[in-house]
Each structure stands twice: as C-alpha cells, then as structure tokens.
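One structure is given below, encoded as structure tokens.
We did not get these values from a lab; they are worked out from the coordinates using the rules stated. From a predicted model like this one, the values you see are computed outputs, not experimental measurements. In this analysis, Cβ positions are derived from the backbone assuming ideal geometry, glycine residues included, and neighbour counts consider all displayed protein chains.
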Amino acid sequence: MGALAEREALRVLRLWTQTIAPPVVAAALFIVVFGIALGSRIRTIEGVPYEQFIVPGLVLMGVATSAFANTATSIYQARSDGFIEDPVSSPMTASQLVLGYLTGGVLRSLLIGAATLAAARVFVSFPLERPGLLAAALVLTSLAFAALGIVVGLYSTGWDQQNFVGNLVIQPLVFLGGVFYSIDDLSRPWREMTHADPIFYMVTAARHGILGSGDVGPWLALGIAAALAAAMLGWAWTTFVRGVGIRT
Amino acid sequence: MTPGHLLPALRCEGVTKVFPGGIEALAGLGLSVPAGRFHGLLGPNGAGKTTLIRSVVGLTRPTAGEIRVFGMDAWGREAAAARRAIGYAPQEVALDRFVPVRELLELHGRYFGMSRADARERAEEMLVAFDLTQKAGAYANTLSGGMRRRLLLARALLHRPRLVILDEPTAGVDIELRLDLWEYIRALHADGTTILLTTHYLEEAEALCERVSFIRAGTIVASGTPGELRERFGAPRLEDVYLRVVGR
C-alpha cells in the first residue's frame, strides 16, 4: 500500500503547477476581488468583517474540489491508459488500494488548504480560534471528497462524466453551502434547503475553527462531516471490492 | 497434503465466464500446467485466451469454476499469495507514464510485496538484463515500441514470480526484437520458471513450448507436446494440427 500511496503523492508534487498552484491562486483572487474590493460594500456578517468571513469557506472549497479532482482524475487516467491493472492484479486488498489512492487526494487537498490559508494571511488578518477543529473539518472534508473521487473515477466512462460531477454537482453545493454568506441572510425556504447541503456543515465546522462562530454548533457540523466521510469511504471501498471499472 | 513442488503451477477446473449480455467467453474450461513447464495456449481471436489469463491474474472474475496457482485458490482467501506467485505481461502495452522507468519497476516490486531495497536492487538487475539502463530516467511514453515491450516483460519478472504469463508478448514486434524476447524467455524457463504463453505465431509455440493447448469457444480442445499433437492428428506441422482442431 505504501508504494501506491507514494506514487500518488509524487504525482501530486511533481505536477504541482497543475495540482497545487491553480486553486491557491483562484482562492487568493476570490479574497482580493470579493473580500477586499467588493467586501467593502458588505462590511460585516454576524459582526465579522466580510473579508474574514469568506476565508474558511474558500479554504474548504479548495480542499473539497481538489480532493475530488485528484482521485477521480488519477484513477480514471490509470484506467483509461490501462496501467491500473498493475496494482489491481497485485496482492493488495481493496482497502489498501483505497488508502493508496486516497493519499494523493488528501495530500493535495490539505496542501491546498494550508497554502490558501497562508495566501489569505497576506491580504487579510484573521484569527485561528480552534485549530484542532479546523484541522478535523479539513481532514474529514478531504477524506469525503477524495473517496467520492475514487467512486467517480471507477464508474466514469469518459472525462465528461467527471466534469459533470465536479462542475454541476460539487461546485454548486460548495457555492450554496454558505461559503460567501451566512444562512441567516437567506429567506425561507432557502435557509431550510441549505441545511440539506452537506457542504454547509463542513464550511460551518471550518468557520468555527477559524472564526469561532458558525450557523450551527461545531459538534453537529463536525459530526455530519464525519458521517459523510464514513459513508463516502464505505462507498469507495465497496466499489473497489465489487471491481467496478477495474475487473470484468 | 500434496507437497508444494508437486502441485501444478496452474490448474483450472470448470472455469466459466459469461459476460453481461450473455456472451460466454469461457465454457467450463479445464487446464493444468505442471510446475516448471513451458506451456503454450493457442487459439483464434475470441477463443477465450485473454479472458482465461485475466481470470488467472485477478482481472476477470470467473462466473463459475476454480483456478489454483501452485495449489492456492486465485479467487479465495489465498488470492494475495497466488497473485504474488504470478508475473503477467499483458497483450496491450500499458505502462504508467507518470513515473520514470526505474521507479516504475521499483513500484511494481513493492506493489507485489518486495521491500524498497529489494525492489530497487532487482530493478537495477532488470534494467541491465533488458538493456534499459540508458533509459532508466526516461518516462515509458517516450520509449520506442520495442523498449516498451521489453519494459513490460521486465516488470512482469521483477518480483521473481514462479509462474509467468505472457499474453502475445511478440505481437507486432520486428523479427530482431522477437528473437531477443525469445532469448529472454528461454533463459527464464531454464531457471525453472513456469511459463504460460499465448501466441498467434505457431512457429513461436513450436520453438518455445514443451506443451501446447488449443482453445476454441472457451474450452480446451486438444493438449500435448507439439510432437504428440502432430502424431495424434497425423499432421506434418503444428499449423496443420491447429487448422484441424480450431480452424474452419
């Protein structure tokens, strides 16, 4: 398993201009444009300066999307080229294969999360109220979306399907999960509908970690993030055990 | 209990594979390859050669039947040990293009349970044996077709398998490389490794194999040494036997 994990980690690090830099630059641009330029019109949300308010959501957005993209792309590429047969025909178990592929997604997404926080610091001053809670929120988000990426990478029969899930499922859920606003600012039924978006709880947990406040309690947010991560990991493992996309 | 050295390297009993849509690729196939033998598997396109091989290496799950590698159930609890005993060079050259050649070999060894140091040492041996030392730092997708074919064989042998399965190893290669590959394969067999070879070239089977089996419509229709088969069918050449057994 260590070899596959190492292979996935090296792939992320060697291709850093494609895997790490773009989402960090995008997050920095969001902070500059929305937080600093346009944010002066919004001033504060729940007593927090707007440029501070959006930082947790932007960090989480980078973590979620990159964790998904990494595993989905890596697995689909290996399937499409055929070289996935080498690890799949090896003595590694389904659990070891899942852990190996997860490594790349988790590493990439956490590096992006850390780099986004560092980049945000350049433009905005923000506290770090509960670093342990933030770390837990980011790790659980990373695991959940890296595992989802494994499932999509195994089921995909073309790049368009991955783009569909990434752009038309995950991205809208992220944007509607309270990255840029508090759900207290929403009217009914939008406020209630946001509670059905799992990413809302992940964003809220990260917001508790950085700002010390959020739309729901920190333990509820973290608990739902943990449940989602467990469900996604189970789905990824089952998909590997069934041999979807890798065994005929 | 049968001593390990007396067990056949490969024993298939009643192996059936029905693909979705009802296509029966293997129809209760039986095959036994004694340890240390060089066995050829011959048959027309679509006869089931590749499906059988993929079933042995863990890439196609049989619908019914049993496959044992040195007595170990290839799809049961001993699957990991069975896979460790197999080296597989597929028909399609599918090599990881994100890692350099030396690393590709080392990773394969580690996927198959070798320590990092052992895999590194063995990779150097394979680079020398297959005349790839000059290309150790290159990526597989930059190599010539012949080099890629050699690399595929080097990868299959890296973890010192006891049973090597070669699916059309000389398909589409020039005569010079074919003779080189024959030399590698003969040397491997001389060391006591069991080899199962599929090929469309009957002269290749005649030159290399101690025994051959003809496969048609997912079942073995004749087996024996080339001499036995010629005698049994009263044919001057193996090609004539082939035409009588599996031809139109």
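Largest mean-square fluctuation among B:VAL99, B:VAL212, B:VAL57, in a Gaussian network model of chain B whose springs join Cα atoms under 10 Å apart, belongs to B:VAL99. For chain B, a Gaussian network of Cα nodes joined below 10 Å ranks B:VAL56, B:VAL101, B:VAL128 by mean-square fluctuation, and the top entry is B:VAL128. Measuring r between the beta carbons of B:VAL221 and B:ALA190 and using R0 = 45 Å, the FRET efficiency lands at 0.90.
Between A:ALA230 and B:ASP174, the simple label model (points 7 Å from Cα in the Cβ direction) yields a spacing of 6.2 nm. Shape call for chain B from the C-alpha gyration tensor, a ≥ b ≥ c root eigenvalues: rounded (a/c under 1.5), prolate (a/b greater than b/c) or oblate? It comes out prolate by the Cα gyration axes. Within the shell defined by Cβ-Cβ distances under 14 Å, the residues around A:SER156 carry a net charge of -1, with Lys and Arg each +1 and Asp and Glu each -1.
Measuring between their Cα centroids, the range A:164-233 and the range B:126-166 lie 49 Å from each other. Once the Cα atoms are used to define both axes, helix A:50-81 deviates from the longest principal axis of chain A by about 10 degrees. At an R0 of 45 angstrom, the distance between the Cβ atoms of A:ALA21 and B:ALA81 translates into a FRET efficiency of 0.55.
Shielding value for A:90-98 is 4, the average number of Cβ atoms from other chains within 10 Å of each residue's Cβ. Model label points for B:THR63 and B:THR142, set 7 angstrom from Cα along the Cα-to-Cβ axis, are 4.7 nm apart. Amide H contacts of B:THR60 (H built 1.01 Å from N, in plane; Pro and chain starts excluded): A:THR248, B:SER55 sit under 5 Å, all sequence-distant by 5 or more or on other chains. For A:TYR101, the shell of other residues with beta-carbons less than 13 Å away shows a net charge of +2, using +1 for Lys and Arg and -1 for Asp and Glu. Scanning residues 5 or more positions from B:LEU10 or on other chains, those with amide H under 5 Å from its amide H are B:VAL33, B:PHE70, with H placed 1.01 Å from N in the peptide plane. For the range B:155-248, the set of GluC sites (Glu not before Pro) satisfying both a DSSP loop assignment and a count of at most 16 other C-beta atoms within 10 Å is given as B:GLU210. In this label model, A:PHE123 and B:THR133 are separated by 5.4 nm, measuring between points 7 Å along each Cα→Cβ vector.
Per-residue 3J(HN,Hα) values for the range A:20-32, derived from phi via the Karplus relation 6.51 cos²θ - 1.76 cosθ + 1.60 with θ = phi - 60°, read 9, 4, x, x, 5, 5, 4, 5, 4, 5, 4, 5, 5 Hz in sequence order (x marks Gly and Pro). Of the trypsin sites (Lys or Arg not before Pro) found in the range A:1-91, those that fall in a DSSP loop while having at most 16 other beta-carbon atoms within 10 Å are A:ARG43. Excluding B:PHE19 itself, what net charge comes from residues whose Cβ is under 14 Å from its Cβ, given Lys and Arg +1 and Asp and Glu -1? Cβ neighbours under 14 Å give a net charge of +3. Mean per-residue shielding of peptide B:86-98 is 4, counting Cβ atoms of other chains within 10 Å of each Cβ. Computed extension gain for A:ARG43 through A:GLU192, at 0.36 nm per residue and net of the alpha carbon distance, reaches 51.1 nm. Between the listed residues A:ALA226, A:SER156, A:LEU110, the Cα displaced farthest toward the positive end of the dipole of chain A, a dipole computed from Cβ unit charges relative to the Cα centre, is found at A:LEU110. Is the protein assembly as shown best put as rounded, prolate or oblate by its Cα gyration tensor, with a ≥ b ≥ c the root eigenvalues, rounded for a/c under 1.5, and otherwise prolate when a/b is larger than b/c, oblate when not? Prolate. Between the helical axis of A:2-14 and the longest alpha-carbon principal axis of chain A there is an angle of about 50 degrees. Working note: Karplus 6.51/-1.76/1.60 with θ = phi - 60° gives the range B:81-98 the couplings 5, 4, 5, 5, 7, 10, x, 10, 10, x, 5, 7, 7, 10, 10, 4, 9, 9 Hz, where Gly and Pro are set to x.
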